[in-house]
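Notes for the one structure printed next.
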Amino acid sequence: MRATFISKLAIGLFVAMTCFAKPALAQTTFGMPDCGEWTKLSKDRPADRAWLLGFISGLNVFYNLNGRPDDPLAKINSNLQIYAWMDNFCQKNPLSTTGLGGLDLHRELIKK
């Protein structure tokens, strides 16, 4: 029971630090590209794409650890859908980060 609480706490802290840190700090510490980098470089930097998939997967695990039985990512058919969604998000929000975009995507999938 205590291990589960610690796991939830660790994931929650990671999500909070990633999303609310200054973009420059988050880039250095966690590898989170900002939307400017994503728009210009994501196709040439597979690490950015891998980071995004890991981040969204981590959000999904955190969501499920909090007692939610459904799997929001089951609504996605391929990684390409996630990349296209982030492309659109970053075009509309060029000063944002992919972390905030990932949160928005996850929230949207929860609503469906």
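Ranking of 62, 55, 89 by neighbouring Cβ atoms within 10 Å, starting from the fewest: 62, 89, 55. For residue 90, the shell of other residues with beta-carbons less than 10 Å away shows a net charge of -1, using +1 for Lys and Arg and -1 for Asp and Glu. Put a dot 7 Å past the Cα of residue 80, heading toward its Cβ, do the same for residue 110, and the two dots end up 2.9 nm apart. Per-peptide packing, taken as the mean over residues of other Cβ atoms within 10 Å, places 92-99, 75-82 in the sequence 92-99, 75-82 from highest down. Within straight-line reach of residue 75, meaning a Cα separation under 19 Å, sit the following aspartates and glutamates at least 8 residues removed in sequence or on another chain: 87, 104, 108.
For a straight C-alpha distance cut-off of 19 angstrom, the aspartates and glutamates reachable from residue 111 (same-chain residues fewer than eight places away being disregarded) are 70, 71.
No value in this document is a laboratory result; all are computed from the given coordinates. Everything numeric here is computed off the predicted structure, so don't read it as measured data. Here the Cβ is made from the backbone with ideal geometry for all residues, glycine too, and neighbour counts use every protein chain on show.
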